[in-house]
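Notes to accompany the following structure.
The values are calculated or read from the model by the stated rules, or taken from the named source; none is laboratory data. As the structure is a prediction and not an experimental result, all values here were calculated from the model. Here the Cβ positions follow ideal geometry from the backbone for every residue, glycine too, while neighbour counts run over all protein chains shown. Surface accessibility is based on the protein's heavy atoms, side chains included, excluding ligands, DNA and RNA. Shrake-Rupley method; radii C 1.70, N 1.55, O 1.52, S 1.80 Å.
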Amino acid sequence: MRLFLLLPALSLAAASCSMQPTPSSLSGSWTQPVPGQPGHVQGMQLLPDGRARSINMRTLLYRSWQLDGKRLTLTGKSIGNGNSSLFTTTSTIDRLSRTTLILNTDGNREVYTRTPDAAGR
């Protein structure tokens, strides 16, 4: 009897850990450690109106984002070595929770952590 009651509770707990990607569930600041620079982070801020900003990345400037199902598309401008170019990157959202975002871009998985913004979200 206890197992019968425990299974629905476990299913509900597992479902609450993972979220459906929606513009509101993705909006916010997402960061990851900078490789080779302990204590430093980089990432992106996804604004509710579709604009995007880079966090601690001077050569990769995010401008906008769009969600299509589980596909996140980021656009921006890459600046480096005196050259600049516009880019569009589309990633699959492998996992989304309140605190974690895992993106898969051409087989490369990147893990981001939600960073509280000025409003504390």
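For the range 25-77, a residue qualifies if it is of a type in the set (Gly, Ala, Ser) and surrounded by fewer than 13 Cβ atoms within 10 Å (Cβ to Cβ), and the qualifying residues are Gly36, Gly39, Gly69. One residue stands out in the range 53-76 among those that are outside any strand (DSSP E or B) and in contact with a Ser or Thr (Cβ under 7 Å, 6 or more places away or on another chain): the one that is modelled with the highest pLDDT, namely Lys70.
Of everything in the range 90-112, what is open to solvent by less than 70 Å² (accessible area, probe 1.4 Å) and either touching a residue at least 24 places away in the same chain (Cβ under 8 Å) or over 17 Å from Thr31 (Cβ atoms) (or both)? Give them in sequence order. Write out each step before concluding.
Going residue by residue through the range 90-112, those that are open to solvent by less than 70 Å² (accessible area, probe 1.4 Å) are 90-94, 96-97, 100-105, 107, 110, 112.
Scanning the range 90-112 gives Thr90, Thr92, Ile93, Asp94, Leu96, Ser97, Leu101, Leu103, Asn104, Gly107, Glu110, Tyr112.
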